[in-house]
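The values are calculated or read from the model by the stated rules, or taken from the named source; none is laboratory data. Note that the structure is predicted; figures quoted are calculated from it, not measured. Reconstructed Cβ throughout: ideal geometry from the backbone, glycine too, with neighbour counts over all protein chains shown. Surface accessibility is based on the protein's heavy atoms, side chains included, excluding ligands, DNA and RNA. Shrake-Rupley method; radii C 1.70, N 1.55, O 1.52, S 1.80 Å.
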Amino acid sequence: MIQKLSAYLLLLMLSALYTNAQETTHKHLPIIDVHVHAMKVNPAFAADMCPWFLSDMPGGDPNQKPPAFINTDCAQPLHAAKSDKEFQDSLMATMKRLNMTIIASGDADILRNWQKAAAPGRVIPSIGISSSKEMTVVAFTDSLSSGFYKVMGEVAPQYEGVSPSDTSLDAYFAAAERLNIPVGIHMGTGGNGSINITNPKFRASMGNPLLLEDLLARHPKLKVWVMHAGYPMIDNTIALMGANAYVYVDIAGMIWSYPLAEVNDYIKRLVQAGFEKRIMYGTDLMVWPKLLETSIGVIENANYLSFDQKRDILFNNAVRFFRLDESKYK
């Protein structure tokens, strides 16, 4: 009887070891998405969308209806979640399957729900501010000091027609610098006809990455990443990164909205310029759960990137920029 029990226990142990080995073998290499929006889903405005929907921008006429901001004229539009629960369930399932960690900003209640639903440390909260009217410097500093928020972003004064170096935001950046908090700043485009459709204060000129220079000079220890890689201002992005060793970029938004060939050319140009160690993967995820797989596929299928370069963009560069413990995310 004892021999049979011992044999049975040995069989269970071997089975457990085999199962663990299988799980380890098939576990997806870790990915960090540095640009996710935690927002309440409004079913009235959650519309399906085609990836690379800005492949065609025919323009319009001021006396006619503005052009549509997104496009659904494709074989498989991305489904928009219709409720907070649907989005959360889908996001959590994808994060688990793809071994993902996200830097997320937006609604504090949504962020806390995501943190509870995800594995520990897999949702890193970020606090965004784009105008001094949104929050006092004291309240902002208290929020950063609380320990809940680990990142400052998305900072998007461009949508107010304001430069990121405008002194109205300087005290907020000073707080982030003092507390050693990394900062993500929206630079670049806002989509086809943004000014005409939804954001009349938006100014393309305020998305010039070189506008960050005065801010960086005033705060030499501030660690900044340029969201959307300053698209489409590649020359200015390269010039800024060349002059400022602490500046990184993410490729969010542009990676799934502009023509795929254009996206690849832009990323390739950054790599050719020597910045492969400072490009971070991001989605600009809002209400389309499948956007994760769609945008990850752009990097994984890029034939101009080596395996090591893909791993840098998808994981290693973010670990370095956000000063994360790499062992916790593998």
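Within 22 Å of VAL36 (Cβ to Cβ), over 14 Å from the mean Cα position of the chain (by Cα) and buried (at least 19 other Cβ atoms within 10 Å of the Cβ): is that true of ILE255 in this structure? Judged against the criteria, ILE255 is not a match. Remark: pairs (first residue in the stretch 281-308, without any contact (Cβ under 8 Å) to a residue 12 or more places away in the chain; second residue polar (S, T, N, Q) and open to solvent by 10 Å² or more (accessible area, probe 1.4 Å); Cβ separation under 8 Å; 6+ apart in sequence or on different chains) are absent. The listed residues are ALA252, ALA273, ALA261, and the only one of them that is within 17 Å of LYS310 (Cβ to Cβ) and among the small types (Gly, Ala, Ser) turns out to be ALA252.
Test LYS221 against the stated conditions and say whether it is closer than 24 Å to PHE321 by Cα and touching a strand residue (DSSP E or B) at 6+ places or on another chain (Cβ under 7 Å). Step through it out loud before you land on a result.
Details: closer than 24 Å to PHE321 by Cα: yes; touching a strand residue (DSSP E or B) at 6+ places or on another chain (Cβ under 7 Å): no.
It is false that LYS221 is closer than 24 Å to PHE321 by Cα and touching a strand residue (DSSP E or B) at 6+ places or on another chain (Cβ under 7 Å).
Taking the stretch 120-230 and the helices (runs of 4 or more DSSP H) fully enclosed by it, the elements with 2 or more residues that are closer than 30 Å to VAL319 by Cβ and open to solvent by 20 Å² or more (accessible area, probe 1.4 Å) are at 137-145, 170-178, 213-218.
Applying the set (1) of a type in the set (Val, Ile, Thr); (2) open to solvent by less than 40 Å² (accessible area, probe 1.4 Å); (3) in a loop (DSSP other than H, G, I, E, B) to ILE102 leaves exactly one unmet item: (3). Considered as a group, the residues in the stretch 71-85 that are more than 16 Å from PRO289 (Cβ to Cβ) and either β-branched (Val, Ile, Thr) or open to solvent by less than 80 Å² (accessible area, probe 1.4 Å) (or both) include one that is farthest from the chain's Cα centre (by Cα), and that residue is CYS74. Among the residues making up the stretch 251-302, those that are touching a His at 6+ places or on another chain (Cβ under 8 Å) and either assigned to a loop (DSSP other than H, G, I, E, B) or farther than 24 Å from ASP89 by Cβ (or both) are ILE251, ALA252, GLY253, MET254, GLY282, THR283, ASP284, MET286, TRP288, PRO289, LYS290. ASP235 - would you say it is in a helix (DSSP H, G or I) and without any contact (Cβ under 8 Å) to a residue 24 or more places away in the chain? Criteria met by ASP235.
For every residue, the table says whether it meets (1) under 17 Å from ILE124 (Cα atoms); (2) surrounded by fewer than 16 Cβ atoms within 10 Å (Cβ to Cβ); (3) of a type in the set (Val, Ile, Thr).
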| site | (1), (2), (3) |
| --- | --- |
| GLY242 | no, yes, no |
| TYR248 | no, no, no |
| ARG269 | no, yes, no |
| GLY274 | no, yes, no |
| PRO289 | no, no, no |
| TYR329 | yes, no, no |
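Looking only at residues in the stretch 105-119 that are in contact with a helix residue (DSSP H, G or I) (Cβ under 8 Å, 6 or more places away or on another chain) and surrounded by fewer than 18 Cβ atoms within 10 Å (Cβ to Cβ), the one that is farthest from GLU326 (Cα to Cα) is ASN113.
Return the total of residues in the stretch 291-330 being at pLDDT below 95 and under 29 Å from LYS85 (Cβ atoms). Summing the residues that are at pLDDT below 95 and under 29 Å from LYS85 (Cβ atoms) in the stretch 291-330 gives 2.
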